[in-house]
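Each remark here refers to the structure printed beneath this line.
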Amino acid sequence: MTNMATSPEEVADLVRAYVSDANTRVGALEVVAPTSAIIRPLPSLLELLRKRQERWIFIAEVANSCTRYVQVLATEEHGLFAECISNEFLHDEDRLSPEQEELLPLLGWEWPAPPNKPNWTFHDELLDTGSAVGRLLAKTVSQVFGLVESDEILIKVLRSATKRRDDPQSSGRVRPEAPIREAADLVQHRDTEIGVAPEGAPYFPDINEFALTFNAYDRVGDFHQVSRIANDAAAAYRASGVLPAGLDTLRTTLFFEQRRYRHFDRAPVGSELDYVEALVREIRRLSGGTLPGPADPHP
């Protein structure tokens, strides 16, 4: 359920109550509020997440877009890692202009470097505070996204279900596709057959592992080509509920959504998860529940 708030105090109270709830395990807190009500408590809320012993994710989306966003990962080591979406994941009118892209590094963001770092990123050990990161996010939504105080922002706050693992290629970011159970338990497949994740299967581990059985980077093309296919499909679904036609396009799109949320260091939630489940459901309908094997190696 999405909560509506109108003041900074309401936003802060909702987030603090959610974070302090010992029973918070799954799902996300969602709050829609005017930009002014989000920006004012943002530094203190990020500092609250930074000081927690668990991993937390904070996402701020433009409410009438739901594609432009900034997000912060607060690690259990009390670090803050921020990201701003890049044009690799934006479609048509939501894409950042050249002027907006030029402003981002002036604010402190590091340039994207796909495929391993497709978004704008920020982490500075000397400025690793809620105040510094909060100011960066506030300047980004106002100066780059062009929001004014009355424009609405949707924030999502959720706990990460996974712990940090040593991975020199991820700058300390967890790799969600790392096995949670033995691979044979995650996706039932033989050399000649792959089972589609069943109806009602959780994202981790079932859908996540099934998505990786089709490596679109090898089968379809490079990162940019695959991202165009997937982002066009996501835009069409948001606009009219239409899913891609054909198993290969569906699996390409599902694969890219897995890579998207792997990079975000979280599972999809809410309408994001609804879309991923719709892709799997259509793959299951067209395939009858099984696909030719073997599964592709993980990227």
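The values are calculated or read from the model by the stated rules, or taken from the named source; none is laboratory data. Every value quoted in this text rests on a predicted model; they were computed, and no experiment measured them. Here Cβ is always computed from backbone atoms with ideal geometry, including for glycine, and neighbour counts include all displayed protein chains. Ligands, DNA and RNA are excluded from the accessible area calculation, which covers all protein heavy atoms including side chains. Shrake-Rupley method; radii C 1.70, N 1.55, O 1.52, S 1.80 Å.
Contact order normalised by length for region 1-58, with contacts defined as Cα pairs under 8 Å and 6 or more residues apart; what percent is it?
45
Taking a ≥ b ≥ c as the square roots of the eigenvalues of the Cα gyration tensor of region 193-288, is the shape rounded (a/c under 1.5), prolate (a/b larger than b/c) or oblate?
The shape class here is rounded.
Taking Cα pairs under 8 Å and at least six residues apart, what relative contact order does the chain come out at, in percent?
Worked out over the chain, it gives 19 percent.
In debye, nearest 20, what is the charge dipole magnitude of the chain about its Cα centre with +1 on Lys and Arg Cβ and -1 on Asp and Glu Cβ, if you could check? Before the final figure, lay out each step's value.
Working: 32 positive and 46 negative charges, 96 e Å.
Here the chain has a charge dipole of around 460 debye.
To the nearest 0.05, how large is the calculated FRET efficiency for Glu76 and Ser271 if R₀ is 30 Å and r is the Cβ-Cβ distance?
Rounded to the nearest 0.05, the efficiency is 0.60.
Spelling out what I want: for every residue of region 106-123, take phi, set θ = phi - 60°, compute 6.51 cos²θ - 1.76 cosθ + 1.60 (Karplus), and round to whole Hz; glycine and proline get x.
So the Karplus estimates, Gly and Pro as x, are 5, 7, x, 6, 8, 4, x, 9, x, x, 6, 9, x, 9, 5, 10, 8, 7 Hz.
For the chain, report the translational diffusion coefficient in µm²/s to the nearest whole number, using Stokes-Einstein at 37 °C, 0.692 mPa s, and a Kirkwood Rh over Cα pairs.
165
Hey, in the GNM for the chain with a 10 angstrom Cα cutoff, which one of Val242, Val19, Val269 fluctuates hardest?
Comparing Val242, Val19, Val269 in a Gaussian network model of the chain, the most mobile one is Val242.
Once a ≥ b ≥ c are taken as the square roots of the eigenvalues of the Cα gyration tensor of region 240-299, is the result rounded (a/c under 1.5), prolate (a/b larger than b/c) or oblate (a/b not larger than b/c)?
oblate
With the Cα gyration tensor of region 30-87 giving a ≥ b ≥ c as the square roots of its eigenvalues, does the rule (a/c under 1.5 for rounded; else a/b larger than b/c for prolate; else oblate) give rounded, prolate or oblate?
In terms of gyration-tensor shape, oblate.
For region 246-256, in order, what is each residue's ³J(HN,Hα) by Karplus, 6.51 cos²θ - 1.76 cosθ + 1.60 with θ = phi - 60°, in whole Hz (x at glycine and Pro)?
Per residue, the Karplus-derived 3J(HN,Hα) values read x, 5, 5, 5, 4, 6, 4, 5, 4, 4, 5 Hz.
Net charge near Glu47: determine it from the other residues with C-beta under 13 Å of the C-beta of Glu47, scoring Lys and Arg +1 and Asp and Glu -1.
Details: positive: Arg16, Arg50, Lys51, Arg52, Arg135; negative: Asp128.
Net local charge, Glu47 excluded: +4.
For a quick check of understanding: with a 1.4 angstrom probe and all protein chains in place, what accessible area in square angstrom does Asp218 have, to the nearest ten?
120
Between Thr6 and Val148, what FRET efficiency follows from the Cβ-Cβ distance if R0 is 25 Å, with the result rounded to 0.05?
Numbers: r = 16 Å, r/R0 = 0.62.
FRET efficiency, Thr6 to Val148: 0.95.
Report the Cα centroid-to-centroid distance between region 241-299 and region 23-97 in angstrom, as an integer.
24
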